[in-house]
Amino acid sequence: MSDDFLTLTFRLPSTREEELPLVLNPWPVLGCEVRDVNGEVEVTVYLQREAQGILAQVKGSLQQLGAQDLVEGTQPALDWLGEYRQQARPFAVGERFWIDPQPAFPTPPPEGRIPLRIEPRQAFGTGSHESTQLMLLLLEEQGLAGLRVLDVGTGSGILALAAKALGACWVLGFDLDLEAVFVARETTRWHGEWPINLFAGPTKALRPVAVFDLIMANMLVEQFVPLLTRFRQLLRPEGVLFLSGLLVGQKAAVASELAASGFVVRRQRHLGEWAALVAGLQ
């Protein structure tokens, strides 16, 4: 079938696992699944059907890495996102939030919890990732009544909606990704009681005036670090900056970047290997 994916399954010494991305990088790989098995790793690599002509070269590169028992195969092209949507179930985050991935057929939240109806889409922010959960935990600890909030890289809009639900008086979310802002606007249809403002564009679209009490950025480190100076211009003197999307091992480097931009780290939270930082102006 033309819609099938090609697969290569093999065993690899666990000591060579970290080299695998470098070996696969030159090839048109769609994805890679890795499982620990008896001190080794079992790997399945997925490629487009059109890659049939280069399989021998890919296999040769993997064998040089130490791959054994290479087996070719095919995998039906499934709608993975659709499958996830069908199987996804509501779950609680922190003390306040109830994340429901079925907004058209919502499950009533437990008493006292705020329902965030977030359909799994291509925009980041379904509530399942630790970096998003860390932000939600920080928000419920902050006390947002009457605050003006900026959500940078809003994705699905989940954090902007959470801030509004917790009492923020005005919330603005934006993203460079037009598709993400479209998804966020669709998400707001399920949350009419918490109106938020959205736009697609960069931070330079905002006047460099200190008008926000809270700025939050749930992004990769290399994405938010170049924006720290801009955040300083937009944040009120007594304001707070939330940063998530960094690994625990990146905390020291991010703290150094914050200090260079006029911030100081006030506190931090961890979930697994992920961390979030709360900073204020020096």
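The values are calculated or read from the model by the stated rules, or taken from the named source; none is laboratory data. Note that the coordinates shown come from a computational prediction; the quantities given were computed from them, not determined experimentally. Virtual Cβ from ideal backbone geometry, glycine too; neighbours counted across all protein chains shown.
Annotation: of all residues in region 1-34 being assigned to a strand (DSSP E or B) and of a type in the set (Phe, Trp, Tyr), the one that is nearest to the chain's Cα centre (by Cα) is Phe5.
When you scan region 129-192 for helices (runs of 4 or more DSSP H) that lie fully inside it, which ones turn up with 2 or more residues that are over 18 Å from Ser244 (Cα atoms) and acidic (Asp, Glu)? Explain how you work it out, then say what you get.
Working: elements: 130-142, 158-165, 178-188.
Passing ranges, in order: 178-188.
Pick from region 148-169 the residues that are without any contact (Cβ under 8 Å) to a residue 60 or more places away in the chain and touching a Phe, Trp or Tyr at 6+ places or on another chain (Cβ under 8 Å): which of them is surrounded by the most Cβ atoms within 10 Å (Cβ to Cβ)? Filtering region 148-169 for residues that are without any contact (Cβ under 8 Å) to a residue 60 or more places away in the chain and touching a Phe, Trp or Tyr at 6+ places or on another chain (Cβ under 8 Å), the one surrounded by the most Cβ atoms within 10 Å (Cβ to Cβ) comes out as Thr154. Checking each residue in region 145-170 for being hydrophobic (A, V, I, L, M, F, W, C) and under 23 Å from Pro90 (Cβ atoms) picks out Ile158, Leu159, Ala160, Leu161, Ala162, Ala163, Ala165, Leu166. Are any of the residues in region 170-191 exposed (fewer than 14 other Cβ atoms within 10 Å of the Cβ) and without any contact (Cβ under 8 Å) to a residue 12 or more places away in the chain? Checked against the condition, which is being exposed (fewer than 14 other Cβ atoms within 10 Å of the Cβ) and without any contact (Cβ under 8 Å) to a residue 12 or more places away in the chain, region 170-191 yields at least one hit.
Answer yes or no: is there a residue in region 242-253 that is under 15 Å from the mean Cα position of the chain (by Cα) and on the phi > 0 side of the Ramachandran plot. Yes, that holds for at least one residue. Residue count for region 30-64 satisfying the condition of being touching a strand residue (DSSP E or B) at 6+ places or on another chain (Cβ under 8 Å), among the hydrophobic types (A, V, I, L, M, F, W, C) and surrounded by fewer than 17 Cβ atoms within 10 Å (Cβ to Cβ): 5.
Can you give me the ranges of the strands (runs of 3 or more DSSP E) entirely in region 35-119 with at least 2 residues that are modelled with pLDDT of 90 or more, touching a helix residue (DSSP H, G or I) at 6+ places or on another chain (Cβ under 7 Å) and not β-branched (Val, Ile, Thr)? Quick ask: steps written out before the conclusion?
Values: elements: 40-47, 68-75, 91-93, 97-100, 114-117.
The qualifying strands (runs of 3 or more DSSP E) are 68-75.
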